[in-house]
1. Would you please name the residue that is modelled with the lowest pLDDT, looking only at residues in the range 69-104 that are loosely packed, with under 15 Cβ neighbours inside 10 Å and under 30 Å from ILE24 (Cβ atoms)?
2. Can you pull out every residue in the range 9-34 that is of a type in the set (D, E, K, R) and either surrounded by 15 or more Cβ atoms within 10 Å (Cβ to Cβ) or assigned to a strand (DSSP E or B) (or both)?
Amino acid sequence: MLDDYLVDSCQKVSTTRDDFGQEITGVTESLACRWRDITTVRRGQNTDTSDADSMVWFAAGTVIAKGDILLFEGAYYQIQKLTKAKRLGETAPQFIKCEVTVTTIGIS
């Protein structure tokens, strides 16, 4: 649905720990996305706020999960909230929206 809008690119970073407990950055996978820096979301009369540093949209088939680490423009972000958006009355997701916060590899 949003494929034409996914004009940005980020990397999904896999991490492991060595024998000394140090974080080791693994292989990255490049993902098409739409990235938007944001600090607060407010909607309607009832205020919904978000502490996210950015919001990211992915295609519906993207393999992504809460807690995953993303690298975008030299900064690391961790997915805090993931929403699979569906049309009313349908079961198939149209796209995936994620709220992310700035992180340091290994710190969450």
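The values are calculated or read from the model by the stated rules, or taken from the named source; none is laboratory data. Since the structure is predicted, the reported quantities are computational estimates derived from the model, not experimental observations. Cβ sites come from the backbone with ideal geometry, for glycine too, and all protein chains shown count toward neighbours.
1. The selected residue is THR104.
2. Listed by number, the residues that qualify are LYS12, ARG17, GLU23, GLU29, ARG34.
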